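The structure appears right after this line, and notes come after that.
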């Protein structure tokens, strides 16, 4: 059953206030990614031009009238004052579980933006409150919330494991070599023009550019030139633009200047598998961090990294390190699969709530 969500009461009129000049106030902002509210500005009332404001209290449901298609809503964690861009609402918990409301609001607000053919970025409060949302009985809402919370617990657990999965290589006791003396570094070609597409076109070389290097997700390009350098699965690629320092062995196709290929010149000195784990270590990342801090859009080049000193343990030590880290990576892949399945399960639950793909 879908209906207008007469489950919330607009508090704007009863919360109108005039700012006091000697009191400190907080302006709110809402993250559309996490649906959390925070302070964007904390100033004396005397320093705020707009004195007529709406008071937001802790526990209010707050919805932004601007960019609502992006899901601008949150539960207030403290007092804020708004010029009217953010609307405080009181949730009727006798009719709707607040967590269920959160579940329903994102697709509802997305739909409001999609259905609006005028392309407005600001909506009236009554338009927001007129949104249709599925409203089953409370006991059903509670069951849906419980199912989603279980999946979120799995995701949070997986993310915690991912965050703590960084293995620090402490190799200061070993002799060092200049990176370019033991590693062949190859920078990709820079074609003059590229076109974003979903699938490669016939007759063109497949071209892969980094989007999210951590999760091995890529955008596909069609280059205007066919003379591109190729990379195959198993070869070590490092991001050289935006996500610099991220490393992968899952790229396949052609590569451009956003990637640098690393390859051991002699595996009797440096194992390729060890090199793969060495790139994310402090011995290379510390220099890349300096580059990131200096640049507006982080990028690096062969010239910047070729003279870095890297530790080279004996081959047997390299093999032992690789075996240990391979086991850890295998376990981590299982965790990531668990997280992915939990995310898909949440999508399925939400689709069931709305009776459609959302």
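The values are calculated or read from the model by the stated rules, or taken from the named source; none is laboratory data. Just so it is clear, the structure is predicted and the values come from calculations on it, not from any experiment. Cβ sites come from the backbone with ideal geometry, for glycine too, and all protein chains shown count toward neighbours.
Across segment 129-151, what is the total count of residues that are free of Cβ contacts under 8 Å to residues at least 24 places away in the same chain and part of a helix (DSSP H, G or I)? Quick ask: steps written out before the conclusion?
First pass over segment 129-151, keeping only residues free of Cβ contacts under 8 Å to residues at least 24 places away in the same chain: 137, 139-140, 143, 146, 150.
After this cut, where a residue has to be part of a helix (DSSP H, G or I) as well, the list is 139-140, 143, 146, 150.
Residues that pass the stated criteria total 5.
When the test is whether a residue is at pLDDT 85 or above, assigned by TED's automatic domain parsing to the domain that holds residue 16, surrounded by 19 or more Cβ atoms within 10 Å (Cβ to Cβ) and assigned to a helix (DSSP H, G or I), residue 101 passes it.
For residue 90, are the conditions met, namely being at pLDDT 90 or above, closer than 28 Å to residue 75 by Cβ and in a helix (DSSP H, G or I)? I'd like the intermediate steps shown before the answer.
Details: at pLDDT 90 or above: yes; closer than 28 Å to residue 75 by Cβ: yes; in a helix (DSSP H, G or I): no.
Taking the combined requirement at face value, the residue does not satisfy it.
Residue under question is residue 343, and the condition is that it be in a strand (DSSP E or B) and surrounded by fewer than 18 Cβ atoms within 10 Å (Cβ to Cβ); does it hold? For residue 343, the condition - in a strand (DSSP E or B) and surrounded by fewer than 18 Cβ atoms within 10 Å (Cβ to Cβ) - is not met.
Hey, among 330, 318, which residue is exposed (fewer than 14 other Cβ atoms within 10 Å of the Cβ) and in a helix (DSSP H, G or I)?
On the way: 318 fails: exposed (fewer than 14 other Cβ atoms within 10 Å of the Cβ).
Matching residue, one of 330, 318: 330.
Residues that are more than 11 Å from residue 54 (Cβ to Cβ) and surrounded by fewer than 17 Cβ atoms within 10 Å (Cβ to Cβ) were ranked within segment 5-17; the one that is modelled with the highest pLDDT is 9. Please verify whether residue 286 is within 21 Å of residue 260 (Cβ to Cβ) and outside any loop (DSSP other than H, G, I, E, B), treating the condition exactly as stated. Yes: the conditions hold for residue 286.
So if I check each of 208, 155, which one is at negative phi and modelled with pLDDT under 90? Lay out the reasoning, then the answer.
Numbers: 155 fails: modelled with pLDDT under 90.
Criteria check complete, one pass: 208.
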